[in-house]
Amino acid sequence: MAYTNSKMVVYTKLSPNHSGQRTHSIDRISPHCVVGQVSAESLGNTFSRSSYKASSNYGIDRDGRVGMYVEEKNRSWCTSSKANDQRAVTIECASDTYSPYRMNDAVYQTLIRLCVDICRRNGKKKLLWFGDKNKTLSYSPRSDEMVITVHRWFANKSCPGDWLYSRLGDLAKKVTEELGGEEDETEKDKGLQAKDLAALSYEEVILKVGPLFTADQQKTGVLASLSLAQFILESGYGKSELAQEANNCFGMKKSLSGNTWAGSVWDGKSIYTKKTKEQRSWGTETVTAQFRKYACIEDSIADHSAYLTGAKKGSALRYEGLKGCADYRKAAQIVKSGGYATSTAYVDKLCSIIEEWKLTQYDADTAPMEEEKPAAVKLPYLIRVGKRIDIKRSASASAATARKCPVGIYTIVAEQNGYGKLKSGAGWVKLSEVRKM
């Protein structure tokens, strides 16, 4: 498809930190908090350093001005998830340097307008916010839909901060209203079904299923490409389970070798515990694994990945060494040696599928982006205390309280752990409880 850029951009400084043209069409928007009241220019300078290893498509500065750092046609390095960045337009938004990382009204209103612009140019009439990671990542947007994803789902971060996170439902509603669309509740929980793939070509199956791999799956090394290759190989590619609309193509109705799982036990909530006795040259062994009750294709693949890293024979992992393995050929051999298949031809088939369709693009990033670096705080600065709060003897919630701080205006001369040091020397106040002037 043809990609365009926003005409709202008032400053451009293209970053070297990107992966070239996307391999997936745009159907997500990922807003972030910068952790700093930055200008469009300073954000551009940060992303212009190749050593920083991070970027975003757009940025909104403290005055509501829009900067562009990676063109929409290219994948930025922003959410710690290769799969998400391939699909998402990423937006860094100026914010406070302390929790809940509040954004001023100029930034928020610009974010609404920019999301409307992104959706409109990409043919979308709805922006959806589910507020749930698993539900969002398993959802296959329709052609006129865009969904919101957030950085905290893919890395140990608070981004986009609790201030914006609590407003993402409002953001989606306002953008959808501006676009003239209406939410359709009936399609939200279906996910990608087997029938959606039965008539597709190999290329189309990969493009549709591959990006569904989440950061959690990518952390297991080559498991994403391996599971996707097995999915294509074992589904018979539209000829057997796919054509029969069997969502559990990796074993809910049958074991991975095709035998019925007679010992499956439903816990009444969300997990099946499956045990089977398999014949080996030395006798029989019991294999135990846990799975969710499959709802759709992506759940099936996720659970298959969980099987490969969690299935046990006795007390030992059946595929020891697979998790974190970075060599897909070695990983395929581990799977074979663990009893998944008996033929070396099976290993060769898996590897040829991975190579032919470049499935390693769905594995973990080899060079993850660096941690977000907060902008330098200019000290000293003034704060307004609107109600009596505690003054701590040190910059810690567990520190003793020196006394109460009356309502008024004070000067902060240092910051530490989300606390500000009062110029008077009386102690430290929690910055989330005051307003910076």
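From the residues in segment 346-356 that are of a type outside the set (Asp, Glu) and within 16 Å of residue 327 (Cα to Cα), which one is surrounded by the most Cβ atoms within 10 Å (Cβ to Cβ)?
350
Take the residues in segment 398-414 that are surrounded by fewer than 18 Cβ atoms within 10 Å (Cβ to Cβ) and under 18 Å from residue 97 (Cβ atoms), then tell me which one is modelled with the lowest pLDDT.
The qualifying residue modelled with the lowest pLDDT is 411.
Given the structure, is residue 106 open to solvent by 10 Å² or more (accessible area, probe 1.4 Å), at pLDDT 90 or above, hydrophobic (A, V, I, L, M, F, W, C) and more than 19 Å from the chain's Cα centre (by Cα)?
yes
Just wondering, is there one or more residues in segment 54-61 that are open to solvent by less than 10 Å² (accessible area, probe 1.4 Å) and among the acidic types (Asp, Glu)?
The answer is yes, given that some residue of segment 54-61 is open to solvent by less than 10 Å² (accessible area, probe 1.4 Å) and among the acidic types (Asp, Glu).
On the given criteria, is residue 41 of a type in the set (Asp, Glu), under 23 Å from the mean Cα position of the chain (by Cα) and open to solvent by 10 Å² or more (accessible area, probe 1.4 Å)?
no
Counting just the residues of segment 109-133 that are part of a loop (DSSP other than H, G, I, E, B), surrounded by fewer than 20 Cβ atoms within 10 Å (Cβ to Cβ) and charged (D, E, K, R), which one comes out nearest to the chain's Cα centre (by Cα)?
132
Only one of (1) over 26 Å from residue 172 (Cβ atoms); (2) buried (at least 19 other Cβ atoms within 10 Å of the Cβ); (3) more than 19 Å from the chain's Cα centre (by Cα) is not met by residue 17, so which one is it?
Here residue 17 meets the rest and fails (3).
In segment 319-345, which residues are at pLDDT below 80 and open to solvent by 40 Å² or more (accessible area, probe 1.4 Å)?
Those that are at pLDDT below 80 and open to solvent by 40 Å² or more (accessible area, probe 1.4 Å): 323, 324, 326, 342, 343, 344.
Please find, among 53, 7, the residue that is in contact with a helix residue (DSSP H, G or I) (Cβ under 9 Å, 6 or more places away or on another chain) and touching a residue at least 12 places away in the same chain (Cβ under 8 Å).
Sole residue among the options that is in contact with a helix residue (DSSP H, G or I) (Cβ under 9 Å, 6 or more places away or on another chain) and touching a residue at least 12 places away in the same chain (Cβ under 8 Å): 7.
Take segment 1-58 and flag every residue that is closer than 21 Å to residue 80 by Cβ and basic (Lys, Arg).
Those that are closer than 21 Å to residue 80 by Cβ and basic (Lys, Arg): 22, 28, 49, 53.
The values are calculated or read from the model by the stated rules, or taken from the named source; none is laboratory data. This one's a predicted model, so the numbers in the text were calculated from it and none came from an experiment. Positions of Cβ are generated from backbone atoms using ideal geometry, with glycine treated the same way; all protein chains shown enter the neighbour counts. Just so you know, the surface numbers come from the protein's heavy atoms only, side chains and all, with ligands and any DNA or RNA stripped out. Shrake-Rupley method; radii C 1.70, N 1.55, O 1.52, S 1.80 Å.
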